[in-house]
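Asks: For reference, the structure I am asking about is given below.
The values are calculated or read from the model by the stated rules, or taken from the named source; none is laboratory data. Owing to the predicted nature of the structure, the values given are computational and were not obtained by experimental measurement. When we count neighbours, we look across all protein chains shown, and the Cβ atoms used for this are built from the backbone with ideal geometry, even at glycine. Ligands, DNA and RNA are excluded from the accessible area calculation, which covers all protein heavy atoms including side chains. Shrake-Rupley method; radii C 1.70, N 1.55, O 1.52, S 1.80 Å.
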Amino acid sequence: MTYAAHHLLTFVAASLAMAAMPRWSWAWRAPRTSLLIWQAVGSCLVLSAVGTALAIGLAPYRLGIVPALVGLAGDLARGRLPATLSPVHLLLVACGLGATAWLAVAFARSAASVAALRRRQRTLLGLIARPHPDLREALVVEHPAVAAYCLPGRKAAIVVSTGSLDLLTDRELRAVLAHERAHARERHDLVILPFAALHRALPGSRLVHAMLEAVALLVEMRADDRAAADTGHLTLATALRRFRACDRVATPPGTLGGAGHDLDARIARLTARPRPSWPVRALLLIVASTVAGTPLSLFLLPL
C-alpha cells in the first residue's frame, strides 16, 4: 500500500468515526475520556486530510512528509528538482501547505476573537458587577434574566445574575457555582477552541458543526460531574430543571454557561448516573492515543 493510501484510509476512518460519534450515547458516560477521543479524531482528520495531499505531491521522494519537505526545500534552493517531480506534484504540495496555513489563520483569528470578547466582558463586569456577600468567588450582576457563567482565563471570573439568586436555593446555587468553577479549573475553553477554529475554517460543514456541538455538550457534562461530586447529583439536576423552566436564560458570547447545551440530556444523565467500567475507559484511551498517533507517525516515517 502506498504512503498516500495510508493517509487517505486514515482520513476516511476519521470521517466515519466523526459522523458516528455524536449518535453514541455511551460517550456521555465518561465525558473526559470522550473528549480525549474527540480531540484524537479531530487531529487525525486534519492531519490525514493535509497528509493525503502532501503525500501524493511528495511521492517521488519516497520519504516521510517532513523529511520530504526538507528535501524539496533544499532542491528548490539549489534550483534542481527531481525529474519525477511533475507540476501536478508541486500543485498538490501547494494545496497541502495552503490548507495548513488556512487552518492556522482560522485558529489565530478564533483565539483573537474570543480574547477580544472576554476583554470586553471583563471591562463590563468591572463597571456593573459586585462581589457576592457570602461567596467571594462569585460576581453578581443586577439583572432579572437568569444567568450563571464562567468567564475563563488565567484569572477566571464566575458570574451570576440577581435573577439566578432569586431562582435558586442556597444548595442549588453552590452546585451551579461548582459547575462553573470546574470550567475554570479545567480550562474547558481551551478544549473547545480548536473545534471552534475548525468550524470557523469550514463554516459550511455539517460534520464539523456536529462535532463542535458534541464537544460543547461533553464539556458541560464533565463540569456536571465535578459539581455533582461536591454537591450531589440531585441538587445539580434540580438547579438545571429550574434553568430549563425559565424563558430568559442569558450566556454572553465568549463565556461558558451551565444553562445551555441540551439540558434534558444532562438532567437525565445526572439522575441515571451511568458509568462505564475502568477496563472500558482504558480501552477507549488506547484507541484515542492510537488514532491520534497514526497520522503523526505517517508524517515522519516512510513506509
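Here's the yes/no breakdown for (1) among the aliphatic types (A, V, I, L, M); (2) farther than 23 Å from residue 157 by Cβ:
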| site | (1), (2) |
| --- | --- |
| 195 | no, yes |
| 205 | no, yes |
| 220 | no, no |
| 226 | no, no |
| 240 | yes, no |
| 248 | no, no |
| 256 | yes, no |
| 269 | no, yes |
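Asks: Turning to a different aspect of this structure: In the stretch 118-158, which residues are touching a residue at least 40 places away in the same chain (Cβ under 8 Å) and among the aliphatic types (A, V, I, L, M)?
Replies: Scanning the stretch 118-158 gives 135, 145, 146, 147, 148, 151.
Asks: Taking the stretch 161-173, which residues are open to solvent by 10 Å² or more (accessible area, probe 1.4 Å), of a type outside the set (Val, Ile, Thr), without any contact (Cβ under 8 Å) to a residue 60 or more places away in the chain and within 15 Å of residue 146 (Cα to Cα)?
Replies: Within the stretch 161-173, 165, 166 meet the criteria.
Asks: Mind listing just one residue for me: the one in the stretch 188-202 that is open to solvent by 60 Å² or more (accessible area, probe 1.4 Å), at pLDDT 90 or above and within 18 Å of residue 102 (Cβ to Cβ) and, of those, farthest from the chain's Cα centre (by Cα)?
Replies: 200
Asks: Filter the stretch 211-245 for residues that are under 22 Å from residue 255 (Cα atoms), open to solvent by 40 Å² or more (accessible area, probe 1.4 Å) and either modelled with pLDDT of 90 or more or part of a helix (DSSP H, G or I) (or both) and give the result.
Replies: 213, 226, 241, 242, 244
Asks: So, in the stretch 72-105, exactly how many residues are open to solvent by less than 70 Å² (accessible area, probe 1.4 Å) and either closer than 24 Å to residue 195 by Cβ or among the charged types (D, E, K, R) (or both)?
Replies: The total comes to 8.
Asks: Check residue 32 against each of (1) under 19 Å from residue 286 (Cβ atoms); (2) at pLDDT 75 or above; (3) buried (at least 21 other Cβ atoms within 10 Å of the Cβ); (4) not small (Gly, Ala, Ser) and name the one condition it does not meet.
Replies: (3)
Asks: OK, next. If residue 140 passes every condition in (1) assigned to a helix (DSSP H, G or I); (2) surrounded by 15 or more Cβ atoms within 10 Å (Cβ to Cβ) but one, which one does it miss?
Replies: (1)
Asks: Sticking with this structure for a sec: Would you confirm, using the coordinates I've provided, whether residue 69 is open to solvent by 90 Å² or more (accessible area, probe 1.4 Å), part of a helix (DSSP H, G or I) and not charged (D, E, K, R)?
Replies: Taking the combined requirement at face value, the residue does not satisfy it.
Asks: Which condition breaks for residue 61 when tested against (1) buried (at least 17 other Cβ atoms within 10 Å of the Cβ); (2) under 16 Å from residue 208 (Cβ atoms); (3) not basic (Lys, Arg)?
Replies: Only one criterion is unmet by residue 61, namely (2).
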